[in-house]
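The values are calculated or read from the model by the stated rules, or taken from the named source; none is laboratory data. All of these numbers come straight from a predicted model, not from anything done at the bench. So basically every Cβ, Gly included, is an ideal-geometry build from the backbone, and we count neighbours across all protein chains shown.
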Amino acid sequence: MAGVPRISPWVWRWFGRYARWYVPRHFHAVRMLRDAPPQHDDADGRPLVVYLNHPSWWDPMTCLILAHHFWPRRRHYAPIDAAALRRYPFFAKLGFFGVEQEDTRRGGLAFLRTAREILRDPAAALWVTAQGQFTDTRARPIRLGPGLARLAAHVPGATILPLAIEYPFWSEKHPEALTAFGVPVDPAATESAFERELERAADRLAVAAQARDSAAFETILGGRAGVTLPYDLWRRARALFAGRRYQSEHGTVGR
């Protein structure tokens, strides 16, 4: 298929293992809000589009963790700046395809053409940071570029799933990577409907993040707790002499 990257299964598996090593070194945990879990079926005969807000450089890594966790048998793709892909062609083996950002019309047409080809495959999943640029999670209303609605109109059989992400600090030195899926959106819906459903997911996630209740989340990947080695050794010694079990976490969240 023209323009569609050829994913290397070996590289995909290797990079998934790398992400599961790398992400926990920078986050306390990757978590998903329990109230609306995504569809788990890899073989439902429908291509999948996950569209998300874009708060951080970490978003692709977070999505990679979710992709391996929920849809390990799908083939996953995502657009990337064409200039970046030319510098790092290795990413094409992970399913990234280039989109020209300097020429928005040309880039938009290329995105639609490649995405439509990808979604001809019922086992494909396409991940799209639909805001198009880094945007604070608190910005309201959420605004998306026009490409998502145009694409959805051409793939009426696809599942279109909103995903909200944020990275708050709770009680640990490292932040939490929090995610929340929304309800699937009808591919024939208007652009405002896509925005509204993503905003609803982001609002639910914001409330849960502020509550700091880890029980509201499924932990997808555990990460680091504690502050520094000397301080944690001191805390461990105090717990030992007091006859208490050492607890690396500092608060009631994240346990």
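Of the residues ALA209, ALA189, only one is over 19 Å from the mean Cα position of the chain (by Cα), within 19 Å of PRO38 (Cβ to Cβ), outside any strand (DSSP E or B) and among the hydrophobic types (A, V, I, L, M, F, W, C); which?
Details: ALA209 fails: over 19 Å from the mean Cα position of the chain (by Cα).
It is ALA189.
Among the residues of segment 113-144, what is the count of those that are surrounded by fewer than 18 Cβ atoms within 10 Å (Cβ to Cβ) and more than 20 Å from ARG74 (Cα to Cα)? Before the answer, list the steps.
Of all residues in segment 113-144, those surrounded by fewer than 18 Cβ atoms within 10 Å (Cβ to Cβ) come to 113, 116-117, 120-123, 132-136, 138-141, 143.
Imposing the further condition that a residue be more than 20 Å from ARG74 (Cα to Cα) reduces the set to 113, 132-136, 138-141, 143.
Selection size over segment 113-144: 11.
For residues that are surrounded by 12 or more Cβ atoms within 10 Å (Cβ to Cβ) and in a loop (DSSP other than H, G, I, E, B), tally how many sit in segment 2-22.
So the count comes out to 5.
Given the condition part of a loop (DSSP other than H, G, I, E, B), modelled with pLDDT of 95 or more, touching a Pro at 6+ places or on another chain (Cβ under 7 Å) and not hydrophobic (A, V, I, L, M, F, W, C), answer yes or no: does some residue in segment 161-170 qualify?
Yes.
In this structure, is PHE97 in the same structural domain as ALA124 (by TED's automatic domain parsing), over 25 Å from PRO146 (Cβ atoms), surrounded by 17 or more Cβ atoms within 10 Å (Cβ to Cβ) and among the aromatic types (Phe, Trp, Tyr)?
Against the criterion (in the same structural domain as ALA124 (by TED's automatic domain parsing), over 25 Å from PRO146 (Cβ atoms), surrounded by 17 or more Cβ atoms within 10 Å (Cβ to Cβ) and among the aromatic types (Phe, Trp, Tyr)), PHE97 does not qualify.
Limited to segment 114-142, what total is found for residues that are in a loop (DSSP other than H, G, I, E, B) and not charged (D, E, K, R)? Quick ask: steps written out before the conclusion?
First, the residues of segment 114-142 that are in a loop (DSSP other than H, G, I, E, B): 119-123, 130-142.
From what's left, not charged (D, E, K, R): 119, 122-123, 130-135, 137, 139, 141-142.
The number of residues fulfilling the criteria is 13.
Exactly one of these conditions fails for VAL49: (1) in a loop (DSSP other than H, G, I, E, B); (2) closer than 20 Å to PRO187 by Cβ; (3) out of contact with any Phe, Trp or Tyr (no Cβ under 7 Å at 6 or more places or on another chain). Give me its number.
It fails just one condition, (1).
Kindly indicate whether ALA36 is assigned by TED's automatic domain parsing to the domain that holds ILE118, in contact with a Phe, Trp or Tyr (Cβ under 9 Å, 6 or more places away or on another chain), in a helix (DSSP H, G or I) and modelled with pLDDT under 95.
Numbers: assigned by TED's automatic domain parsing to the domain that holds ILE118: yes; in contact with a Phe, Trp or Tyr (Cβ under 9 Å, 6 or more places away or on another chain): yes; in a helix (DSSP H, G or I): no; modelled with pLDDT under 95: yes.
Criteria not met by ALA36.
Tell me whether segment 79-89 contains one or more residues that are modelled with pLDDT of 95 or more, surrounded by 16 or more Cβ atoms within 10 Å (Cβ to Cβ) and of a type in the set (A, V, I, L, M, F, W, C).
no
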